[in-house]
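Only the coordinates and a few stated rules stand behind these numbers; no lab work does. What you are looking at is a predicted structure, and each value in this text was computed from that prediction instead of being measured. FYI the Cβ positions are ideal-geometry reconstructions off the backbone, even for glycines, and counts take in every protein chain you see.
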Amino acid sequence: MNNTTRVLMISLLSVAVLAGCKKTVKETPPPPADTTGSTGTVVDNTTAAGAYGPNDLDTDACLRQRVVYFDLDQDSLKPEFQAIVGCHAKYLRDRPSSRMNLEGNADERGSREYNLGLGERRGNAVSSAIQAQGGSGSQISVVSYGEERPVCTESNEDCWARNRRVEIVYTAK
Amino acid sequence: MKRLPHWLAVLALVLLPLAASAQQQGLEIDIVGGNASALPIAVVPMPYQGSAAAPGTDVAQVVRADLERSGAFRALPEASMVERPTRGAEVQYPTWRALKQDYLVVGRVVDAGAGSYRVEYELFDVAKQERMLGLALTARSNAMRDVAHQMADAIYEKILGVRGAFWTRIAYITQTGLGKQARYALMVADSDGFNPQTVVRSAEPLLSPSWSPDGSRLAYVSFERGNSSIYIQNISTGARELVTSFRGINGAPTFSPDGRRLALTLSRSGNPEIYVMDLGSKQLTQLTNQFGIDTEPTWSADGSSIYFTSDRGGRPQIYRVASSGGSASRVTFQGNYNATATVSYDGKKIAVAQGSGNNYRIAMMDSSLGSPRWSTLSPGSLDESPSFAPNASMVLYAAREGRRGVLYAVSADARVRQRLVLADGDVREPAWSPYRSPR
């Protein structure tokens, strides 16, 4: 990763932090205490000012974006997805008990097994980017579905572009 | 190729009744293409001459379809058969010479007791006026297609000197429904697509079926545990074993020719690499260690080397490495995307899915005559997953038609293609079985 990217990522991250901060303070009341008797601790529910809480996954404009798209046969993260990576990295930092699966996918062209590899590479690319912004690798699992989980089944460029993706799925909020 | 339209018409005639009965099984079968240089053969209808209920299978028709599908023969349509001998003594050679037939097969079905039938048949060389073969096969009613495929194998071998591969099976994956409604199945059918049987059903994707060399087991990849895992399943008992479920990719299993080892892809090191597992001890040996995707291992017939797909040079190409390990060498140099190699029994031919832009076709690299010669076996668009017949006379592959996947069998000379379509849903990833009886 070159310096320019790093600087860009850091500045995007600051924006994400600010955005997250504002929203939490203005709109989101602290989530009610967990009464279901789950393993959630008190600390989990008393978020520090500016830190993300579980509700933000549904309300925060950045966190609600959970899909990163890729170019054909590429696994490098496009600049427009750095913001998404940034806010999810912050979420992982803010909530050490949270866990995410990064589900890598490919379009239908080419061999299925090779596409499993390609999907994993994309998952790894998002994982590295999140870790570069302070998310912990122990909170992230990468799973590749190759071309087996298309969101679109037409054989055209539009559809292929929608299938070349990594989906961020929280397994623990 | 000027004679092609004529042949299409003839083939349509031959196949009309076949198509009708195939649809009852959920499959359509049609031949797209013809071969003017194929050997003319007449397979005369073989009537039931017993006293019980007649068997449901038209044996002669199955034999005819098999021989046609190989690309090496063209069968005389029933309507052109002005005589219908059922035994050698009834054969009038001038009739068949006038019909320009090189070979003639006649026979009949009789009772063999206990609800079984016996097919007695003979093969003749029309020009030499000689009997080449006279055999009888006995089976119960539900195995009459097996009998017909074995007859086709014997006829094919007697005339061409190459073992027939009609009495074999194919494994493939089907998908019905999309998204959360998607259901997957690993299926096994006869080589002509008949008698489909479900081996495994799953709500999660299944892929990459691969036969054990004795045809008793299938290795495959399932996502039922969330991540990819490799299983080996016995086809007749249904017993199955989880082989690997490491972090990362568990993919592309293929049995060694002796059935004692499994080549596979694992990315537990962080990157997809080729491994060989000793199925007795479960011990893993890592064969590749390269920054790049290494996957789709497939064994040479003698088990000494493993071909695989790697993008270490930038784009996917086929490489070869000794199955004991060592450095890999690149095998394919034509085409900018070559993947999913299938290797013929003699190691001389390698078929791949070859991509160029948005077009993927099945291509074959033939080194029989020394330096490799390439030919194209499929018309292309999104053709993938080639699999050689055990005698390398045909290649099975998957294609997309609209939004559905279909299977094709194409003769290795690319002259005859046959489509096997599941009536409902998507069919893909065919794998041709080994021979059903060892020699």
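Please state, to two decimals, what the Cα-based radius of gyration of region B:60-141 comes to when divided by 2.2 N^0.38 Å (N = residues).
So region B:60-141 has a normalised radius of gyration of 1.15.
Testing the spin-label approximation: label points 7 Å from Cα along Cα→Cβ at B:ARG312 and B:LYS158. State their distance in nm.
5.1 nm
Give me the distance in nm between label points sitting 7 Å out from Cα along the Cα-to-Cβ direction at A:ASP73 and B:ARG183, one decimal.
3.9 nm
Please compute the length gained on full extension between B:GLN49 and B:SER141, using 0.36 nm multiplied by the number of residues separating them and subtracting their Cα-Cα distance.
Working it through step by step, the gained length comes to 31.7 nm.
Need the full-extension length gain, B:ALA203 to B:LYS348, defined as separation in residues times 0.36 nm minus the C-alpha distance. One decimal, nm.
Using 0.36 nm per residue and subtracting the Cα-Cα distance, I get 48.3 nm.
Please give the average number of partner chain Cβ atoms lying within 10 Å of the Cβ of each residue in B:396-402, rounded to a whole number.
Working: counts 0, 0, 1, 0, 3, 0, 3.
For this peptide, the per-residue mean of nearby foreign Cβ atoms is 1.
Report, as a whole number in µm² per second, the diffusion coefficient that Stokes-Einstein gives for region B:95-221 at 25 °C and 0.890 mPa s using the Kirkwood radius over alpha carbon pairs. Let's see the in-between values first.
On the way: Rh = 17.6 Å.
In µm²/s, the coefficient is 140.
Would you count, across the protein assembly as shown, every pair of lysines whose alpha carbons are under 21 angstrom apart, provided the pair is eight or more residues apart or spans two chains?
11
Per DSSP H run of at least 4 residues, take -39500 (n - 2.57); add these up for the protein assembly as shown, divide by its residues and hand me the 222 nm value, nearest 500 deg cm²/dmol.
Result for the protein assembly as shown: -6500 deg cm²/dmol, rounded to the nearest 500.
Where in region B:349-372 is the amide nitrogen less than 17 Å from a point lying 7 Å along the Cα-to-Cβ axis of B:SER329?
Counting only backbone N, you get B:349-350, B:366-372.
Rule-of-thumb check for the protein assembly as shown: C-alpha Rg over 2.2 N^0.38 Å?
Normalised by 2.2 N^0.38 Å, the Cα Rg of the protein assembly as shown equals 1.14.
Using a Förster distance of 22 angstrom, determine the FRET efficiency expected from the C-beta separation of B:THR285 and B:ARG439, and round it to 0.05.
Details: r = 31 Å, r/R0 = 1.40.
With R0 = 22 Å, the Cβ-Cβ based efficiency is 0.10.
Taking all pairs of distinct Cα atoms, average 1/r, flip it, and tell me the Kirkwood hydrodynamic radius of region B:150-247 in Å to one decimal place.
14.9 Å
How many angstrom lie between the C-alpha centres of region B:382-439 and region B:221-270?
With region B:382-439 and region B:221-270 each reduced to a Cα centre, they are spaced 23 Å.
Can you tell me the orientation of helix B:4-24 relative to chain B, as the angle in degrees between its alpha-carbon axis and the longest Cα principal axis, to the nearest 10?
Its long axis makes an angle of about 80 degrees.
If r is the Cβ-Cβ distance from B:SER80 to B:ALA114 and R0 is 51 Å, what FRET efficiency results, to the nearest 0.05?
Numbers: r = 37 Å, r/R0 = 0.73.
About 0.85, to the nearest 0.05.
At 7 Å along the Cα-to-beta-carbon direction for both B:ASN234 and B:SER216, put a label point, then send me their distance in nm to one decimal.
With each label placed 7 Å out from Cα toward Cβ, I get 0.7 nm.
Taking Cα pairs under 8 Å and at least six residues apart, what relative contact order does chain B come out at, in percent? Let's see the in-between values first.
Details: 1113 pairs, mean separation 53.9, N = 439.
It rounds to 12 percent for chain B.
Hey, quick one: spin label on B:THR376, modelled 7 Å out along Cα-Cβ, who in region B:341-362 has an amide N within reach, i.e. under 17 Å?
Those under the cut-off are B:351-362.
Assuming 0.692 mPa s and 37 °C, estimate D for region B:383-438 with Stokes-Einstein, Rh taken as the Kirkwood radius over Cα pairs, in µm²/s.
280 µm²/s
Starting from the Kirkwood Rh over alpha-carbon pairs, what translational D in µm² s⁻¹ does chain B have by Stokes-Einstein at 37 °C and 0.692 mPa s?
Estimated diffusion coefficient is 144 µm²/s.
Rank these for me by crowding, B:TRP96, B:TRP299, going from fewest to most other beta carbons within 10 Å.
B:TRP299, B:TRP96
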